[in-house]
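All remarks here apply to the structure that follows.
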Amino acid sequence: MPKSEVSEEARALLRRAMALHSDGEIDAALAAAAEAVEAAPDFGEAHSYLGNTLVTRKRRFADGLAALDRALEAAPQDATIVYTAGWCQEFVANALERPKGAHQPVTASADELYASARVLMLRALELDPDQGLRGDIEDILDVIAAATGEPWSDEEVPRVAPRAR
């Protein structure tokens, strides 16, 4: 759904989710994001936030990746959403290879997730992201290449400094 078609109610719910997240209230943030998705089922940013948070904060990997799939369906031309989906797939692949705690299982293997993450990152590059996001995408492609032993590019790509985190 294009940004202009998303209701103000759904946008307000996503802003509320992000504010709650900033305050450390992750469960309440997830509930607000779920309300945003209910109010606007094609709101890619809300699905992306929900998926990212489920993966990284709750380790609900299958649920989070499913939400990110919905985000990609809703906004396939949004470089940030494509990047977020790929980054979360890389996150899950790494967690499968180096278990550090309990997590919701996924059906894909680490190798499958790395391969899918690579495809998404290359697609995000094709969407002509801003320089900061381009640097982040290239950094994750380097991480995936290191994990898989498969280079992501035969070309020299101009590098930009990654964003401060």
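The values are calculated or read from the model by the stated rules, or taken from the named source; none is laboratory data. In this text the structure is predicted, and so the values were computed from the model without any measurement. Cβ atoms come from the backbone with ideal geometry, glycine included; neighbour counts cover every protein chain shown.
Numbers for the structure displayed
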| read-out | value |
| --- | --- |
| Meets criteria (within 22 Å of Lys58 (Cα to Cα), assigned to a helix (DSSP H, G or I) and at pLDDT 95 or above) for Ala117 | yes |
| Hey, Glu45 within 19 Å of Leu141 (Cα to Cα), among the charged types (D, E, K, R) and either out of contact with any Gly (no Cβ under 6 Å at 6 or more places or on another chain) or in a loop (DSSP other than H, G, I, E, B) (or both) or not | no |
| Any chance Val143 is assigned to a helix (DSSP H, G or I) and of a type in the set (A, V, I, L, M, F, W, C) | yes |
| Among the residues listed as Gln89, Gln77, the single one being free of Cβ contacts under 8 Å to residues at least 60 places away in the same chain and not in a helix (DSSP H, G or I) | Gln77 |
| Residue within region 45-65 that is in contact (Cβ under 8 Å) with a residue 12 or more places away in the chain and in contact with a Lys or Arg (Cβ under 7 Å, 6 or more places away or on another chain) present | yes |
| Among residues of region 98-129, those that are among the hydroxyl-bearing types (Ser, Thr, Tyr) and either crowded, with 17+ Cβ neighbours inside 10 Å or under 14 Å from Val143 (Cα atoms) (or both), counted | 2 |
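Per-residue answers, yes or no, for (1) among the hydroxyl-bearing types (Ser, Thr, Tyr); (2) surrounded by 18 or more Cβ atoms within 10 Å (Cβ to Cβ); (3) out of contact with any His (no Cβ under 8 Å at 6 or more places or on another chain):
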| site | (1), (2), (3) |
| --- | --- |
| Ile26 | no, no, yes |
| Ala31 | no, no, yes |
| Ala34 | no, no, yes |
| Phe43 | no, yes, yes |
| Val55 | no, yes, yes |
| Phe61 | no, yes, no |
